[in-house]
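Report on one structure; see the data block that follows.
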Amino acid sequence: MNHRNPTERLEDELDRAKGLGRWLSDDEQAELDRAADAVAERLEARKRRQRKLVVLTAVCLLIPPLWPLALGLTLFLLYPDTMGKIGLAAAVALLVGGLLLAGVLGLAMVWLVQLLF
């Protein structure tokens, strides 16, 4: 996946060899190249995802009922790590709240049935 010319590649290998004090074997070099390619792929995927979110945010801004979603997407684009943690906490809180509400409603139904019969 390296799209560099051979001269740049050789210069990089020379710099790496100077830093390590030895030349890398072909296997070591291939492993480093695979790691660099994986990092580049992750960065590209993150950029694509961010572009999609920006477009979705723009669409949500054009439709007034979706403005709260646009606000959430904007916050996620600005603070992805923090909003991810807040989103996880909110999801857990909603799940626990929903389970508690279902339990309370179930108990209320049982009480109501006992009261009527």
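The values are calculated or read from the model by the stated rules, or taken from the named source; none is laboratory data. Every value quoted in this text rests on a predicted model; they were computed, and no experiment measured them. Ideal geometry is used to build each Cβ from the backbone, glycine not excepted, and the neighbour counts take in all protein chains shown. Just the protein is used for accessible areas: all its heavy atoms, side chains included, with ligands, DNA and RNA removed. Shrake-Rupley method; radii C 1.70, N 1.55, O 1.52, S 1.80 Å.
Some observations on this one:
- Highest-fluctuation residue, G84, G72, G97 considered, GNM on the chain with Cα pairs under 10 Å: G97
- On the beta carbon distance between I86 and R34, with R0 = 35 Å, the FRET formula returns roughly 0.50.
- Most positive-pole-ward Cα, P6, G19, L95, against dipole of the chain from beta carbon charges: L95
- Nearest-10 value in Å² for the accessible area of E8, using the 1.4 Å probe: 90 Å²
- Principal semi-axes in Å for the chain [√(5λ), Cα gyration tensor, largest first]: 55, 22, 11
- Amide N of the range 5-32 lying under 18 Å from the label point, which is placed 7 angstrom from the Cα of E41 along Cα→Cβ: 29-32
- Rolling a 1.4 Å probe over the protein heavy atoms gives the chain an accessible area of 83 Å² per residue.
- Helix runs (DSSP H) in the chain reaching 18 Å along axis by Cα, Kyte-Doolittle at least 1.6: 80-116
- Each Lys and Arg contributes +1 and each Asp and Glu -1, all at the Cβ; summed about the Cα centre of the chain, the dipole is approximately 700 debye.
- Largest to smallest accessible area among D26, D12 [probe 1.4 Å]: D26, D12
- Here the extension length gained between V104 and Q50 equals 15.3 nm, from 0.36 nm per residue of separation less the Cα-Cα distance.
- The chain: most fluctuating residue of L101, L61, L43 per GNM, C-alpha cutoff 10 Å: L101
- Residue order for T74, T82 - accessible surface, 1.4 angstrom probe, largest first: T82, T74
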